[in-house]
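Here the structure comes first, spelled out in structure tokens, and everything after it is commentary.
The values are calculated or read from the model by the stated rules, or taken from the named source; none is laboratory data. As the structure is a prediction and not an experimental result, all values here were calculated from the model. Cβ sites come from the backbone with ideal geometry, for glycine too, and all protein chains shown count toward neighbours.
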Amino acid sequence: MKASSRGIHSSLRMRNENTGRTEKRRLRGASAAAMLAAILLVSPPLSGNAYAFKLFGITLFGGDEDKVEVIDPVRYDATVQTGSADKDLKKRLESAASMVTDEKQPVSGDLGVIIKAREDRDRLIAVLYEEARYGGTVNISVAGTDIDRLPPNPTFDHAAPVPVTVSIDPGPVFKLGSVRFEGDAAGHDPGKYDLVAGGKAGSRLILKAGEQLLVDLKNEGRPLAKLTRRQVTADHRTDTIDVVLGAVGGPVAPFGTVAVKGSRTVDAAFVSRYSRLDKRGQYSPEQLKKANDRLRELGVFSSVTIHEAEKLAPDGSLPLTIEVSEGKHRYFGFGAEYSSIDGAGLEGYWGHRNLFGEAESLRIEGKVSGIGATTDVTTFDYSAGIIFTKPGAFVPEATFESRLEAKSETPDVYEAQTIIYSAGITYELNETDKLKGGGEIAYIDADDAFGNNQYLTLSLPIGFERDARDNKLDPTKGYYATLSAKPSYELMDGTIFSSFEGSISGYLGLGQEDRIVLAARLAAGTLVGGSDLERIPATRRFFAGGGGSVRGYAYREISPYNSADEATGGRSYTLGSFEVRVKVSENIGIVPFVDIGTVSTGIVPDFSDIRAGAGIGVRYATPFGPLRLDVAIPLQRYDGGSQYGIYAGIGQAF
């Protein structure tokens, strides 16, 4: 749009989880887990000097930013007059006026005052346009003279701050008049883009409509689609604007040859193959985005950009270039946690993200926990593992994972030393569905309510996952469902048993910008086979309670108990969680919740012992997902059991 300090011309144009089977209940009567975790990820080598440290945008020590020396500093005193603007518009205009928000920062020279004033005028007019105030005016004067009448190199009196006056007349609110789509856009309904005669007419709405129209044309498989006309004409007599949008779609085309640029140690042919753009499918912006995300998730690239050719190849296809920048492949890190019940925990890990040149990942990790819960180091929990992952194994849609783990666990309900080796394939059926399968062998030496027993089990776990959420860490709509089965054979006494589990989580956003989200999760599982419960390893029986199931109870606290008040674990469980996630500000949210669960000794829950917990949580939004802090109390507390639970983490509870 063309704008001036005197207003707007009449004719203008616009440019174009599971049941939680690993917690402890060492101290009856103690509070449930209160966790504080901090993870540091470092990619060596380290170099340079650190002058400040920030956590979640807050400077904890050191300088916040480098000071910039201003040459020939000139100070000014700015005032803004917003005329008949309402409260909300006045706030927007004052926030957009940088001469007010930056008033304590001097500018460079007298010319700097004029440059800043002109930038403010453009910014303020843009705000008026966004609010459909196409008849508004913005006048700025410096030292009593309009900025359009000042000489090219003005000189002001510096005896006091230079006075700057910003005068704004918002003018009337315009409505949409006629709306017309031309060219290949003619077949599209303007109403679908919120362009309706008599409706809202803000410039942002019109720009968004043009952008979405172009996206829709490209989604038809037309990579060369472009807008040819975007005209907005204001009629100041009727306070309306007429809109004309024109576009040319171009031919429908498939993806063509895929070139890779910038790859050094990662095989370029692998990059092309793993992107799945080399299959010459029909052009789709959504497929380009998914390919970009897919490559980023490998973890080997610091940046990924997919460039489209400006014209089609002779065969009618669209050539592509994937430009990547490799990051550091080796990394290490450490973490710490603390629980009022379980004591402190420490963990460390080392990894390599590109072991053989096709983004193969190797990670070695170790952890010790329970420090402080007791003084006997033999009762601490220890674990170590080696994990190898090969993306694009056999076909681009398949990921192979091999894992060797050793654990020593000593919760109140049992003591167990375990060695597990597993290997499996995850296959992406489509954009939302995954199928998993593999094999596992585990040796368990357990001492529990049934005495000391050793188990050697062979298992063939399989699973299905559908992820239809709009965001994995903070969903506002969609659902997430899993189904799994784990047929097993215990070699020492010939016991055959299988576990079956399923869960579904759903999300519904309400209000403007989904400021309220209703979230619910249901889960259930059963163990079949094995004549007696003791023939099934304690680590495979079901327990509940804790942050992953029923908050307010300690992990593994919800279980059938024998006559000696020892937890035995169960053959079946049912869980339900319900949350109302409310945004109280841009970054802060509160979440009241209720969790319900039961664990039974039969293969079908008998619901004879239903436990519930309720509480409230706080969420703080960060770029990598919400920080979560939940406080819950058990509504049917066990005698001598936990009185409350505090849970912390990254991402929503489910």
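A few remarks follow.
- Filtered by the rule that a residue be assigned to a strand (DSSP E or B), over 24 Å from Arg541 (Cα atoms), touching a Lys or Arg at 6+ places or on another chain (Cβ under 9 Å) and modelled with pLDDT under 95, segment 362-413 gives a lone residue, Thr374.
- Any hit, segment 204-214, residues being over 27 Å from the mean Cα position of the chain (by Cα) and either among the hydroxyl-bearing types (Ser, Thr, Tyr) or assigned to a loop (DSSP other than H, G, I, E, B) (or both): no
- Of the residues making up segment 546-568, those that are surrounded by fewer than 24 Cβ atoms within 10 Å (Cβ to Cβ) and in contact with a Leu (Cβ under 8 Å, 6 or more places away or on another chain) number 1.
- Within segment 188-230, considering residues that are more than 21 Å from Ser317 (Cα to Cα) and among the β-branched types (Val, Ile, Thr), the one surrounded by the most Cβ atoms within 10 Å (Cβ to Cβ): Ile206
- Of residues in segment 165-187 being surrounded by 17 or more Cβ atoms within 10 Å (Cβ to Cβ) and farther than 30 Å from Asn139 by Cα, the one nearest to the chain's Cα centre (by Cα): Ala185
- Qualifying residue in segment 601-619 (condition: under 27 Å from Leu473 (Cα atoms), of a type outside the set (S, T, N, Q), touching a strand residue (DSSP E or B) at 6+ places or on another chain (Cβ under 8 Å) and in a loop (DSSP other than H, G, I, E, B)): no
- The requirement of being closer than 30 Å to Asp445 by Cα and either acidic (Asp, Glu) or assigned by TED's automatic domain parsing to the domain that holds Arg296 (or both) is satisfied by Asp376.
- Test: Asp157 is among the acidic types (Asp, Glu) and part of a helix (DSSP H, G or I): no
- Taking the numbered list (1) closer than 18 Å to Asp239 by Cα; (2) modelled with pLDDT under 95; (3) of a type in the set (Phe, Trp, Tyr) in turn, Phe174 passes all entries but (2).
- Of the residues making up segment 605-630, just one is at pLDDT 95 or above and in contact with a Ser or Thr (Cβ under 6 Å, 6 or more places away or on another chain), namely Ile610.
- Taken as a whole, the structure places Lys200 among residues that are assigned to a loop (DSSP other than H, G, I, E, B), more than 29 Å from Asp102 (Cβ to Cβ) and either of a type in the set (D, E, K, R) or assigned by TED's automatic domain parsing to the domain that holds Val80 (or both).
- Tally of residues being within 23 Å of Lys226 (Cβ to Cβ), basic (Lys, Arg) and in a strand (DSSP E or B) across segment 289-338: 0
- Test: Val100 is more than 30 Å from Thr233 (Cα to Cα) and under 43 Å from the mean Cα position of the chain (by Cα): yes
- Test result for Arg118, over 41 Å from the mean Cα position of the chain (by Cα), surrounded by fewer than 15 Cβ atoms within 10 Å (Cβ to Cβ) and not assigned by TED's automatic domain parsing to the domain that holds Thr240: no
- Applying the criterion of being under 25 Å from Lys90 (Cβ atoms) and aliphatic (A, V, I, L, M) to the residues of segment 144-164, the residue that is nearest to the chain's Cα centre (by Cα) is Val164.
- Of the candidates Arg556, Arg540, Arg571, the single residue that is touching a strand residue (DSSP E or B) at 6+ places or on another chain (Cβ under 8 Å), at pLDDT below 90, among the basic types (Lys, Arg) and over 28 Å from Thr476 (Cα atoms) is Arg556.
- Test: residue in segment 89-104 that is in contact with a Ser or Thr (Cβ under 6 Å, 6 or more places away or on another chain) and among the acidic types (Asp, Glu): no
- Where Leu533 falls short, out of the listed (1) of a type in the set (A, V, I, L, M); (2) closer than 30 Å to Met492 by Cα; (3) modelled with pLDDT of 95 or more: (3)
- Contacts under 8 angstrom Cβ, first residue in segment 528-551 being assigned by TED's automatic domain parsing to the domain that holds Thr568, partner assigned to a helix (DSSP H, G or I) and surrounded by fewer than 24 Cβ atoms within 10 Å (Cβ to Cβ), 6 or more apart: Arg541/Leu533
- Test for Ala523: is it farther than 30 Å from Leu458 by Cα, assigned by TED's automatic domain parsing to the domain that holds Ile633 and either in a loop (DSSP other than H, G, I, E, B) or modelled with pLDDT of 95 or more (or both): no
- Pairs where the first residue, in segment 157-173, is charged (D, E, K, R) and the second is part of a strand (DSSP E or B), C-beta under 7 Å, 6+ apart: Asp169/Thr137
- Scan of segment 440-475 for residues that are within 27 Å of Glu415 (Cβ to Cβ) and in contact with a Leu (Cβ under 6 Å, 6 or more places away or on another chain), ordered by number: Ile441, Tyr443, Leu456
- Residue in segment 133-140 that is at pLDDT 95 or above, under 12 Å from Tyr76 (Cβ atoms) and surrounded by 16 or more Cβ atoms within 10 Å (Cβ to Cβ) present: yes
- Entirely in segment 423-468, the strands (runs of 3 or more DSSP E) that have 3 or more residues that are buried (at least 18 other Cβ atoms within 10 Å of the Cβ) and among the small types (Gly, Ala, Ser): 433-448
- In segment 487-514, the residue that is modelled with the lowest pLDDT out of those that are under 19 Å from the mean Cα position of the chain (by Cα) and assigned to a helix (DSSP H, G or I) is Glu513.
- Hey, Arg118 touching a strand residue (DSSP E or B) at 6+ places or on another chain (Cβ under 9 Å) and of a type in the set (Lys, Arg) or not: yes
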